[in-house]
């Protein structure tokens, strides 16, 4: 059974990236070394990521390069408030300006110190062309919840849900 899944971002800018994710995005360190930092964002479903110096010998030699082409999606309740906080207030440079997308997102994109793109998103209703492409809610896999004893489906948390299916 899978017990954890998180990205490890290879970046030579460990300390700058640590500050970006902790100071601006609410993550907290769970392990710190000069070559590796593990971060967790507290909450009912704790989100995790790690930062790794690409020169570290735990990586196969052929892969000791900074990450490129990675886009992290952060869904938030109010993307406009995050735009005000991160771009207007903190002065982050938008790589993509705040805008609405026909496929069902209002979002903007910034980059972390190592060049990883961070897409800050609030879902919005999609246009008619895209609405038909979404899988109906009842046909989607259940989203898990995390407890102190492990990962469980939402059905495990609500006894009434077990009677429905």
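What follows draws every value from the coordinates through simple rules; no lab data is involved. Here the structure is a predicted model, which means the values were calculated and not measured. So basically every Cβ, Gly included, is an ideal-geometry build from the backbone, and we count neighbours across all protein chains shown.
May I ask you to list the residues of region 17-31 whose amide nitrogen lies under 14 Å from a point 7 Å from Cα along the Cα→beta-carbon direction of residue 58?
Counting only backbone N, you get 30-31.
Let me have the relative contact order for the chain, percent, based on Cα pairs under 8 Å that are six or more residues apart. Walk me through the numbers before you get to the answer.
Numbers: 253 pairs, mean separation 29.6, N = 165.
18 percent.
What does DSSP give for the chain in terms of the percent of beta bridges that are antiparallel, rounded to the nearest 5? All intermediate terms of the calculation are to be shown ahead of the outcome.
Details: 25 of 33 bridges.
Bridges in the chain that DSSP calls antiparallel: roughly 75 percent.
Can you tell me the length gained on complete extension of the stretch residue 5 to residue 48, counting 0.36 nm per residue apart and subtracting the Cα distance?
That works out to 14.7 nm of additional length.
Given N residues in region 1-54, what is its alpha carbon radius of gyration divided by 2.2 N^0.38 Å? Mind showing how you got there, number by number?
Details: Rg = 11.0 Å, N = 54, 2.2 N^0.38 = 10.0 Å.
Compactness ratio reported: 1.09.
Using just the helices of the chain, give the 222 nm mean residue ellipticity in deg cm²/dmol: DSSP H runs with n ≥ 4 each add -39,500 (n - 2.57), and the total is spread over all residues, rounded to 500.
Per the formula, -3000 deg cm²/dmol.
What ranking do 38, 17 get, fewest neighbouring Cβ atoms within 10 angstrom at the top?
Working: 38 18, 17 21.
Lowest to highest Cβ neighbour count: 38, 17.
At a temperature of 20 °C and a viscosity of 1.002 mPa s, determine how fast region 1-90 diffuses translationally according to Stokes-Einstein, using the Kirkwood radius over alpha-carbon pairs as Rh; express D in µm²/s, rounded to the nearest whole number. Working shown, then result.
On the way: Rh = 14.5 Å.
It diffuses with D of about 148 µm²/s by this estimate.
Hey, could you get me the Stokes-Einstein D for region 68-135, Kirkwood radius over alpha-carbon pairs, 37 °C and 0.692 mPa s, rounded to whole µm² s⁻¹? Intermediate results must be reported in sequence, preceding the final value.
Values: Rh = 12.6 Å.
Once the numbers are plugged in, D ends up at 261 µm²/s.
What full-extension length gain, to one decimal in nm, is calculated for residue 95 and residue 132 as 0.36 nm per residue of separation minus the Cα-Cα distance?
Numbers: separation 37, 0.36 × 37 = 13.32 nm, distance 2.95 nm.
Additional length available on full extension: 10.4 nm.
Semi-axes of the equivalent ellipsoid of the chain: what are they in whole Å, largest first, if each equals the square root of 5 times a C-alpha gyration tensor eigenvalue? Working shown, then result.
Numbers: eigenvalues 177, 115, 49 Å².
So the three semi-axes of the chain are 30, 24, 16 Å.
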